[in-house]
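K.L.:
The structure is given below, and queries will be raised subsequently.
The values are calculated or read from the model by the stated rules, or taken from the named source; none is laboratory data. Since the model is a prediction, treat every value here as computed from it, not as a measurement. Cβ: placed from backbone, ideal geometry, glycine included. Neighbour counts: every protein chain shown. To get the accessible areas, we keep the full protein, side chains included, count just its heavy atoms, and leave off ligands, DNA and RNA. Shrake-Rupley method; radii C 1.70, N 1.55, O 1.52, S 1.80 Å.
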Amino acid sequence: MNSPPGRVLAVVVGILVLLAVVAGVLSATRGEGDLPAGSPEAAVQDYVSRVYDRDLEGAAAVLDPEGGCTVEDLERNVHEPDARVVLRSSEVDGDTARVRVELVYGEEGPLGSGEWAQEESFSLVRAQERWVITGEPWPMFTCVAPTGGKP
């Protein structure tokens, strides 16, 4: 490998390996993203992160206290998460907001056939200077009102 083409090839391969290592390190050390603190997107990120970490009490704290969903509802509906969550869009209109995310499941196959995606939408309202999630957000399909409580 003492010929000039052999040396050039070795240098190119070395540079490619170095770039791959740098990209891997940056990817592994990158944070969750720089969403504006106090934004609807940050509230959804906080909720989803807590669900994934199985901090269901913390996740429930991001839900609208006036809503019908509780920690018990989360316990009934949360399973082992195995999706990447991708922020797709957000819209704010005064004290209401809608944040759309895409949940990407599976592993990338040879032609991407091992993955499938599902879009979820979170509705939020501003309550006491913070954003809270209303309705029955993912991963819940239904919330059961406590006995004697409002439906």
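K.L.:
What number of residues within the stretch 60-79 satisfy the criterion of being surrounded by 14 or more Cβ atoms within 10 Å (Cβ to Cβ), closer than 27 Å to residue 115 by Cβ and under 16 Å from the mean Cα position of the chain (by Cα)?
P.N.:
Summing the residues that are surrounded by 14 or more Cβ atoms within 10 Å (Cβ to Cβ), closer than 27 Å to residue 115 by Cβ and under 16 Å from the mean Cα position of the chain (by Cα) in the stretch 60-79 gives 1.
K.L.:
Hey, another quick one. What number of residues in the stretch 117-134 are buried (at least 16 other Cβ atoms within 10 Å of the Cβ) and in contact (Cβ under 8 Å) with a residue 40 or more places away in the chain?
P.N.:
Adding up the residues that qualify gives 7.
K.L.:
All but one of (1) at pLDDT 75 or above; (2) more than 16 Å from the chain's Cα centre (by Cα); (3) open to solvent by 90 Å² or more (accessible area, probe 1.4 Å); (4) more than 28 Å from residue 95 (Cα to Cα) hold for residue 57; state the number of the condition that does not hold.
P.N.:
Against the list (1) at pLDDT 75 or above; (2) more than 16 Å from the chain's Cα centre (by Cα); (3) open to solvent by 90 Å² or more (accessible area, probe 1.4 Å); (4) more than 28 Å from residue 95 (Cα to Cα), residue 57 comes up short only on (4).
K.L.:
Residues of the stretch 80-101 being modelled with pLDDT of 90 or more and either under 14 Å from the mean Cα position of the chain (by Cα) or small (Gly, Ala, Ser) (or both), which ones? It would help to see each step written out before you state the result.
P.N.:
Narrowing the stretch 80-101 to residues modelled with pLDDT of 90 or more: 86-101.
Passing the criteria: 86, 87, 88, 89, 90, 94, 97, 99, 100, 101.
K.L.:
Which condition number in (1) open to solvent by less than 60 Å² (accessible area, probe 1.4 Å); (2) in a helix (DSSP H, G or I); (3) modelled with pLDDT under 80 is the one that residue 41 fails?
P.N.:
(3)
Rundown of residues vs (1) loosely packed, with under 11 Cβ neighbours inside 10 Å; (2) at pLDDT 95 or above; (3) in contact with a Phe, Trp or Tyr (Cβ under 7 Å, 6 or more places away or on another chain); (4) on the phi < 0 side of the Ramachandran plot, yes/no style:
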{"position": "103", "(1), (2), (3), (4)": "no, no, no, yes"}
{"position": "106", "(1), (2), (3), (4)": "no, no, yes, no"}
{"position": "111", "(1), (2), (3), (4)": "yes, no, no, yes"}
{"position": "114", "(1), (2), (3), (4)": "no, no, no, yes"}
{"position": "139", "(1), (2), (3), (4)": "no, no, no, yes"}
